[in-house]
Structures are given as structure tokens and as C-alpha cells.
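Everything on this sheet refers to the single structure shown next.
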Amino acid sequence: MRRKVLIHILALIALIWTVVPIVWIVLISLMYHHEFASADIHLFPHQPTLANYVRLLGGAAPDWNGTAQGPNAYGPLIREGLLNSAQVAVWVTVLSMIVAVPAAYALSRVQMRFRQAGLLTIVATRSIPPVATTIPFFALYQGLGLSGTKTGLVIAHMTITVPLLVWIGTSFFGGLPPGLERMARVDGCSRWRAFARVVVPASRHSMTAMAVIAFITSWDEFTFALIFNTGTPAQTFPPALSSMFFQVSVPTDVASATVLGLIPPLLVAGLFQRYIRKVNLVGL
Amino acid sequence: MEPEVLQVGISVESVTKRYGKAPRAALDDVDLEIRPGELLAVLGPSGGGKSTLLNVLAGLEPVNSGRLRFGDEDVTDIPAERRNVAVVFQSSMLYPHLSLRKSIAFALTMQKLPAEEIQRRIDEVAGWQRIDHLLDRKPHEVSGGERQRSAVAKALVSHPALLLMDEPFSAVDAQLRRQMRTELAKLHRQFGTTTVFVTHDQEEAMSIADRVAVMRAGKLVQVADPLTLYRRPASAWLADFVSVQPFNLIPVEHQDGGALSAFGGSLVLKPPGGPLPQRLDLGVRPEHLRITRSESSAFRILTREIIGGQVKYTITTDRGDELVAVRSDDEVLDADTPVDPAVDWAHALAFDPDSGDRLDVRFNEVVASVS
Ligand SMILES: Nc1ncnc2c1ncn2[C@@H]1O[C@H](COP(=O)(O)OP(=O)(O)OP(=O)(O)O)[C@@H](O)[C@H]1O
Ligand SMILES: [Mg+2]
């Protein structure tokens, strides 16, 4: 009983810790700059407005006192960034799944030599900070003409997501009942069919979770995006936001851009949360 | 019910199976003839190769050498999906993500049978296994026993040529186990599908099987009907293994005048019949060791256990030698009672003390030889 109370209190603290900054940013994004910059510091907007969003998305909206205001100059940058991020994240998700799912499956279910060593090597690549690999990547990308392209960024992101998904997937597939494929085999499936008809459907929740993780990882990725694509037409949302942040001194505008960038991952996580919740994350 | 009986004999010819570079073969030159329609139990201690034999029969593991035949057909190189076998595995006998109905129908769907035929077959097996009302649930939504019955239904629905079961009842409690064992025997009588049933429970094997194949360390030790196995086990190890109660193995030596002396002379036995080898191990089941009250005996009762209508006594000498005897509970003897053990010679067995092989000795008749 006492333990339960403690767990609830800890969960509440964690919730406040994660949610408060987001709520705060949302509240700021709903304020006029005039209100935000006034001497009277407060949390909830007295005069809530969507003007910051409208102007960021290319529309015109009057200021707090009715003065006309045109579209936000950084609107195109942010919109392009969102679009690029979405494209990159979708490609990263699809390609990472295509590579990582069979790899994770093989590592967890097929008898092979050096399985543990292989898995450890894959996991170990995760401990290398992306900054460490950017210079070789940069040199390579210059030579291949991949610098400043979405393709290049997709490949760079996959160096993060594939090992991550292989690692997670190995534990997911390892949790399937041991005789599953054998049962499918005697029921008339070839090895490949047993995978496609039984293993995949039986682990659809886990695989959804893997895809969501890939999407969010790519969406959030900053280092590669910053170094390869800043200032190019292929710039994704995180560097776009960062340059806006450094060049504009209007926190309410930055806040609304930030919130726009939060929407896609929240949407993805929300849409699939009923699957993710069924996934047993113990042992990860 | 009118099952479409498909009775196939199976022959396993000098099959050897080795996993990777393991020093010991999991199946070591196994020869086994499974008769059409027979219920064969495969019995043996853990690691003996029972599951391996099953997987090899199912086509889930390739063999290193030897041939497998189903009827006249050589299936050695035919993969699992085309062998027409059904397997009830020890664990996960149903698909966790499918309803029982879909699990049971899965093999039929793979065979692309028409929907009405699938429906008809499911209704049929669900009726036999009394799971009609559960068909739309997932495996984790039914009890262990119901899951077990569904697994058997799933195995039977495809009318397999060979039904393989790997310790199918190990996950259910003792009482249910006994009940399902009887149901399986009944079902087998109705169906007549050639069945191989793996278990490490000798009682289970001996009670329902037409024949029992005992495996140990990758080798087939003996294949025989349960009574033969019980009466004429090939070795002392086997006699002990198939015995429900502890088996008495008494090293004896000849004395003058044909008597046998055991335990340093604490026990002197006088078997009827002719010459015996100089040394032998005498095998006596507890039910064939009679004990009677006798003040002069070197044996005393150490413990007694009452087992439904019978009493099991452990008797001991001062030296610590122990024997086990079972008698009816007409008269229950107390601990410390001095008793005299006597052997029921008609059922006594003799084993070679070195190899453990059974010697062809009949104590109540005149006797054969030893090497
Ligand atoms: N997949 C495998 N890889 C390597 N060795 C294996 C494999 N499966 C079984 N073995 C080995 O083969 C031998 C026989 O194993 P098997 O599973 O057939 O025994 P079993 O009689 O079924 O035992 P149990 O009663 O414990 O199920 C054992 O020594 C085991 O360690
Ligand atoms: Mg086994």
C-alpha cells in the first residue's frame, strides 16, 4: 500500500517534470508578444490568440491593439523544415523497418555463431556520439554529393535508428513463444511464410512500437541535420527552429514554431499508443 | 463419428542426428518401426533425445544420416510443411494472436480448403473436444485444460498421417493430466491415427500406449508393449526407470548349496531351480518382496507410507542396507518391527552386475547360462 502511494507520487513528479515545460510553451505561443514582454509576468494569457500560428503559416493577423501584421518572415523556413522532417522521418521509418526487422528476427530466433557478439557490436555503435561520426560522414558526403540532401540525411539517421531498432526488436522477437515458427511449419508454412503469416501478425504491436520509435528518433535528430543540411533547401525542422531561435528575439513566435514541431510526433505517438501500451518494455 | 482414418506405418532407419558440433549425438543410430494406427509412447529421462526424435519425425530438424519412411514414401528430405504431420508441442500449442477458431483452422487455410469444409471440420473437432463455446476466445482467455483440448483439436483437424505429441500434458495439474490421458486413449481408439507421444512419466506411458519406446542418451534402449517392458526389462536401469515404486536391486553371491547371500550375509535367499552365475544382481519389485514379522531377522522397518490401499515399507539392516516392500493394508506394521524379507521368485529378475543387462534366468525353472 505504502509502496503504491510512493509509486504514484514518483509518477506524478515525472509527469509534472515532462508536461510543465510543454504546457508552458503552448501557453506562451498563445500570447501576443506585447503581453509576453509586459512587466506583469503571468502564466495564462489574458488575451489568448492564434495570431502567432496564423502568421507562421503564411497568413496575416492583427496585433493585440488591432494594428495590421503581415505573415511571419520565418514562416517559409519553418514550413519547409516541417515538410522535410516529415519526408525524412517517413523514409527513415520505412527503410529502417525493412532492414532492422529481419535482422532483429534473425538475431533473436536463428541459431548462429557469434550471435551475442554481433548483437553487442550493434548495440555498441549506439554508444558513439553522432558528433564523432559527423566528420567522416561529412567528408564522404562531400565526395558523394549527399551533403545538403534529404537522401543523405535519411542514410545518416538510419545509422542511429537501425541499431536501435535491431536492439529493441531482438528483445521483442525473443519474447515470442519458442515453438511458434515450428508450429507454423507443421501447419504448412515455409520458413518465409511462417515469418510473414505468423511471426509478423503475432508481433504487430511490437513492430508498431518500433516504427514509432524510428519516426520520433528521426524527427528529433539534430546533430546530423545541423551539420549536413543547415541553410540548404533540405533543412529539417530542428535546425530551422534553432536558426529561428538565434535570429529572432520574439519568444512567442519561436514558441508557436516549437509547438508546430511537437504536433507530428505527438500525433504519431497518440495514434498508435493503444498498440504501444500493449508492448512489454521490460528488459529493454 | 466417422473419422477418415489414414493409418500409416512409420519407419526410422539408422537415424543419427547431431546438433552442430556436439560431441554426443542427440539421436544415435536409432531404428524404430512404428506400426500403422499405433499409439507409441516415447519415454526417457531428460536429454534422452525424445523431443529430437519428434522433431526429426516432423521434419523440423534434418538428420545427419539414416532414412525416414511414411508408409512406402521416403520422407527424409521432405520439409515439415509437406509431411502431413500434426504436432502438439509442449508449450505454445496455439497461436497467441489468433482466436481458437483461427488457430484450429490455420493449417486448413494453408491447404486452401473451401470455407464450408473448414467450418465442418472445426465443428467436428470442437464437438469432440467440447470447446464449441470457446472458439472465439484467444488462448490466454481459456483455462489450461481447455487450451490443451483446443491444441488436440487443432492437431486432429487436419487429419494428419502422423500425430506427434511432446509432453502435451506437462503444463496441467496431476488430476487433469490423468483425465486427459484417458481422453487421449479414447480419442485414439476412435481415430486410429498413428500417434507418437513423448513423456517422461512412466505411469503415463505404461497406462495408455500400445508400445513404449525407451530412450536414453540418444539410443533406443527397448521398444516393447508395456507388460513386456514391465516383466522383461532389458536392463536394471530400465527396470528401475519403468517402475512406479523404487526398484530393489540386490547384489548377491553364491554360497554353498545354491543359496544366495546378500548384504554381507544379512540376507540369505534360497531360490528354486538350477545353477546360477557366481555373481548376479537380483532385481525384485517392491510388490514382489514379501515381509513377515520375525524376531530373528536382521531387518527392521524404517518407514512406512500408506498409499491408497497399500502400504510401502522401507526396511533396513544395522549396516544401512535398504529394501522396499509393498503389501496390502490388511495388517499395518509399525516402525521398528523386525521383519523377514522373502522374494517372490516367479517375478524376480537377474541382471549382470557389470553391464546391467538382464540375464535370461528363471528362478522357478531350471536355468540358463551366462557368458
Ligand atoms: N536445438 C538444439 N541445439 C543443440 N543441442 C540440442 C538442441 N536441442 C536439443 N539438444 C541436445 O540434444 C540432446 C537431446 O535433447 P532432447 O530435447 O531431444 O531431449 P529430451 O529427451 O526431449 O529431454 P526433455 O525430457 O528434457 O525434454 C540434449 O543433450 C540436448 O542438450
Ligand atoms: Mg523434450
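The values are calculated or read from the model by the stated rules, or taken from the named source; none is laboratory data. Everything quoted here is computed from the prediction, not taken from an experiment. As a convention, Cβ positions derive from the backbone with ideal geometry for all residues, glycine included, and neighbour counts pool all protein chains shown. Note: areas computed on protein heavy atoms with side chains; ligands, DNA, RNA excluded. Shrake-Rupley method; radii C 1.70, N 1.55, O 1.52, S 1.80 Å.
Binning all Cα-Cα separations of the range A:2-69 at 5 Å, short to long from zero, yields these whole-percent fractions: 3, 15, 19, 16, 13, 9, 7, 7, 5, 3, 2, 0. Taking 4 °C and 1.567 mPa s as conditions, the protein assembly as shown diffuses translationally at an estimated 41 µm²/s according to Stokes-Einstein applied to its Kirkwood radius (Cα pairs).
Residue farthest toward the positive end of the dipole of chain B, with Cβ of Lys/Arg at +1 and Asp/Glu at -1: which of B:M93, B:P45, B:L27? It is B:M93, whose Cα lies furthest towards the positive end. Give the separation of the Cα centroids, the range A:242-266 to the range A:30-65, in Å. Taking the Cα centre of each part, the range A:242-266 and the range A:30-65 sit 14 Å apart. At the listed q of 0.15, 0.16, 0.21 Å⁻¹, the Debye profile of the range A:38-168, built from one uniform point per Cα, gives log10 I(q)/I(0) equal to -0.86, -0.91, -1.21. What you get for the range A:75-282, charging only the Cβ of Lys and Arg (+1) and of Asp and Glu (-1), is a dipole of about 1040 debye around the Cα centre. Building the convex hull from the alpha-carbon atoms of the range B:10-241 and averaging its projection over directions returns 12.9 nm². Backbone geometry of the range B:320-337 corresponds, through the Karplus equation with coefficients 6.51, -1.76 and 1.60 at θ = phi - 60°, to 3J(HN,Hα) couplings of x, 5, 10, 9, 10, 9, 10, 9, 5, 8, 4, 10, 9, 8, 8, 4, 6, 5 Hz, x marking Gly and Pro. Dividing the helix sum by the residues of chain B, where each DSSP H run of 4 or more adds -39500 (n - 2.57), gives a mean residue ellipticity at 222 nm of -7000 deg cm²/dmol.
Here the mean projected area of the convex hull built on the C-alpha positions of the range A:75-282 is 13.5 nm².
Taking 0.36 nm per residue of separation and subtracting the current Cα-Cα distance, fully stretching the chain between A:T67 and A:F245 would add 61.6 nm. DSSP beta bridges confined to the protein assembly as shown are antiparallel in about 75 percent of cases.
For the range B:288-297, backbone phi angles converted through the Karplus equation (6.51, -1.76, 1.60; θ = phi - 60°) give residue-by-residue couplings of 10, 10, 9, 10, 10, 4, 7, 4, 7, 6 Hz, Gly and Pro being listed as x.
Using a simple spin-label model with pseudo-atoms 7 Å out from Cα toward Cβ, B:A174 and B:R293 lie 3.2 nm apart.
Magnitude of the charge dipole for chain B, about its Cα centre and with charges confined to Cβ atoms of Lys, Arg (+1) and Asp, Glu (-1), is about 980 debye. Heavy-atom accessible surface of B:T199, to the nearest 10 Å², is about 0 Å², with a 1.4 Å probe and all protein chains retained. Taken about its Cα centre, the protein assembly as shown carries a charge dipole of roughly 1960 debye when the Cβ of each Lys and Arg holds +1 and the Cβ of each Asp and Glu holds -1. Only helical DSSP H runs with n ≥ 4 go in: add -39500 (n - 2.57) per run for chain A, normalise by residue count and round the 222 nm mean residue ellipticity to 500 deg cm²/dmol. Helix-only estimate at 222 nm: -22500 deg cm²/dmol.
For the protein assembly as shown, the number of Lys pairs separated by eight or more positions or lying on different chains, with C-alpha atoms closer than 18 Å, is 10. Note on A:V23 and B:S266: the model spin-label points, each 7 Å out from Cα along the C-beta direction, lie 8.1 nm apart. For the set B:H200, B:H288, solvent exposure ranked by accessible area (probe 1.4 Å, protein chains only) runs largest to smallest as B:H200, B:H288. A simple rule links phi to the HN-Hα coupling: the Karplus curve 6.51 cos²θ - 1.76 cosθ + 1.60 with θ = phi - 60°, which for the range A:81-89 gives x, 4, 5, 4, 4, 4, 4, 4, 5 Hz, with x for Gly and Pro. Comparing A:G188, B:L269, B:Q310 along the charge dipole axis of the protein assembly as shown, the residue lying farthest to the positive side is A:G188, per the Cβ-charge model.
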